[in-house]
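We did not get these values from a lab; they are worked out from the coordinates using the rules stated. Bear in mind the structure is a predicted one, so any value in this text is a computation, not a measurement. No Cβ is skipped: glycine too gets one built from the backbone with ideal geometry, and neighbour counts run over all protein chains shown.
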Amino acid sequence: MDALRLDDKPVLLECSVGGGKSLLCGSIARKLESVGKRVLCLVSSSELVRSNSEAFKLLGGNPSVFCASLDDKSCDQLVIFATPQSLISAIKAKHPIADIIFSLIIVDESHQINPNNDHSTYMRILRHYKQEYKAMRVLGMTGTAFRGSTSIVGTHAFFKTQVGNISTQYLIEQNFLVPPVFGYTKTEGFDFSKCKAQNTGEFKGKDLQAVIDSKKRLTYDILQEVQEVMADRDVCIIFCSTRAHCFEALAALPENQCRIILGDTPSDERNESLNLARASKIKYLISVNCLLVGINVTNLDGLVWLRPTSSLLLYIQGIGRGLRLHAGKKDCLVLDYSGNIDRFQDFDNPIINEAIQPKPEEEQDYVIKCYTCNTFNSIHARRCRGMPDDKRCDYYFEFKACPSCSVQNDIVARQCRSCEAELIDPNAKLTLNTERFTVDVLRAEYWINVPGYGNQVLNARYITNDKPVFESYVITQRSKNIFYAKFIKHHTEKPSDWYPHIMNKEKMKEMIHQNPLKTPNQLIVQPDEYGRLKLISKIFYSE
């Protein structure tokens, strides 16, 4: 509360799912109510209005509820819980609530505020009341303090100051939440890599459906695996790509164990389905994007992603649905069949940092050594996955330097993670040129490592006049001839001398260090979907 007295600038309280946002909101509102101040609590859905107002009553408060779908539009009490949709309609209709002077407006799920759009519902509401009472404060509350990958707190952001942070990691460590567990999927997932995100950040439904239709049996095969994995678990949400995909998923599961919840599902039917899940009378809830926020099914211990999203916020919120405590619940299993973990691998987020740790089946792909913390990374990594001192390593294999402060940022970042300077125009339409081209090699680095699965791996990193290019060979009895033909024959003076020793790790190290390898003069490369350079072939002038 002291932080709220500093000035009239908006402040943010970050509180993860399960951190008690309803009680925190109620406690703050109750304190102001006790001194005769009026408080408006903006909550995004009728279900949250109901639960938050009930929490306020448990604290001894007496709130008003202003929500059309709850058939209640009262505003006579000092503290009012309202949905933004009902409130903006009332302001337009010049309802008495429009004339109330509030000392504080609390916005739940405040990452939804878009300060760059003056015509958005939240901005119209805040602007209306700010004009009426200059000293009004705005307190935002959210468990995901970013839009896209950009923080909503900072000099150039809507919220200028953060007054607290009850993080997911903290709540897990203190046993207030269960941890997410990212499972290994044997069945191949959907390849949505060619689907392009719209300006909104999401994908077109018809593009997603085209991918689904191109793999007729894949949804069925995936959900057979899901049923096996979920056999000993309680309740699972399946996030599908489209409405049609929801019904396809329904057809692949036992009918008496499933319910679909869509945007136009009547509220009584929606509540019935959620209550059946809470009572463990059904096992699967199927949806597109209706169950990402605002639901509380504590026995939920499985999440299946059959849809891609370019929003880290939605992904983290979706996973958060399964982290609440429940008797006998140890963790929440996350199965991703849509490439979201790869899509978000470069963001510094506790849940993502956990998700990108390699599983035993994937260790052979982790062969690129970080020069800062010595952690091995996938050949596709743009940022090191290492966690020295419990913080994400800052080493980038590929980066974009900020023109203002020179801090390294991910190659797809739109805003500098340090000074918030704009790195690219977020409205610009970027096109990826996938034509092959030639780059000059400035120098090369070679090293051998032996990951946990035992086979030696030779790695090459070529520093070019463009982006770095990686090459890697897992050396086994079956692959040694390929390694000889593609690498040793071109990089050594007397390749036949080294052929008998390919499986000898010490000899291969000797080949690198005591007999300097020949470095290619040029590389023919091709950009992938992320703009990284894929090696096509090498050019040695001596050849």
Go through the stretch 307-371 and name the trypsin sites (Lys or Arg not before Pro) that are in a DSSP coil and have 16 or fewer other Cβ atoms within 10 Å of their Cβ. K330
Under 5 Å from the placed amide H of I282, counting only residues 5+ away or on other chains, we find A277
Between helix 218-229 and the chain: long-axis angle, C-alpha atoms, 0 to 90°, nearest 10: 80
Cβ-based net charge around V153, under 9 Å, with every Lys or Arg adding one and every Asp or Glu removing one: 0
Hz values of 3J(HN,Hα) by residue in the stretch 268-273 - Karplus curve (6.51, -1.76, 1.60), Gly and Pro given as x: 5, 5, 4, 5, 4, 5
On a straight-distance basis, which lysines could pair with K73 in a cross-link, Cα separation under 17 angstrom, same-chain partners fewer than 8 positions away excluded? K92, K94
When the Kirkwood radius is taken over all Cα pairs of the chain, what Stokes-Einstein diffusion coefficient follows at 37 °C and 0.692 mPa s, in µm²/s? 125
The Rg/Rh figure for the stretch 431-543, Cα atoms and Kirkwood Rh, to two decimals is 0.99
Spelling out what I want: for every residue of the stretch 459-473, take phi, set θ = phi - 60°, compute 6.51 cos²θ - 1.76 cosθ + 1.60 (Karplus), and round to whole Hz; glycine and proline get x. 10, 10, 10, 9, 8, 10, 7, 10, 9, x, 10, 10, 9, 8, 9
7 Å from Cα along Cα→Cβ at both D342 and D71: what's the point-to-point distance in nm? 5.1
Would you kindly state how much longer the chain becomes between F247 and L59 on full extension, computed as 0.36 nm times their sequence separation minus their alpha carbon distance, in nm to one decimal? 63.4 nm
Too long at a 29 Å Cα-Cα cut-off: which of K480/K534; K215/K534; K369/K534; K215/K538; K400/K509; K204/K281? K215/K538; K400/K509; K204/K281
In degrees, nearest ten, helix 21-33 long axis to first principal axis of the chain (Cα): 40
If you take every residue apart from T372 with its C-beta less than 13 Å away from the C-beta of T372, what net charge results, scoring Lys and Arg +1 and Asp and Glu -1? +3
Loop GluC sites (Glu not before Pro), the stretch 152-226 (other Cβ atoms within 10 Å of the site Cβ: 11 or fewer; DSSP): E188
What does the charge count around N296 come to, taking other residues whose C-beta lies under 15 Å from its C-beta (Lys +1, Arg +1, Asp -1, Glu -1)? +1
Loop-only check: which trypsin sites (Lys or Arg not before Pro) in the stretch 63-106 are DSSP coil with at most 14 other Cβ within 10 angstrom? K94
The stretch 328-421: C-alpha pair distances exceeding 22 Å, %: 32
Difference of contour (0.36 nm per residue) and Cα-Cα distance, S34 to K518: 166.4 nm
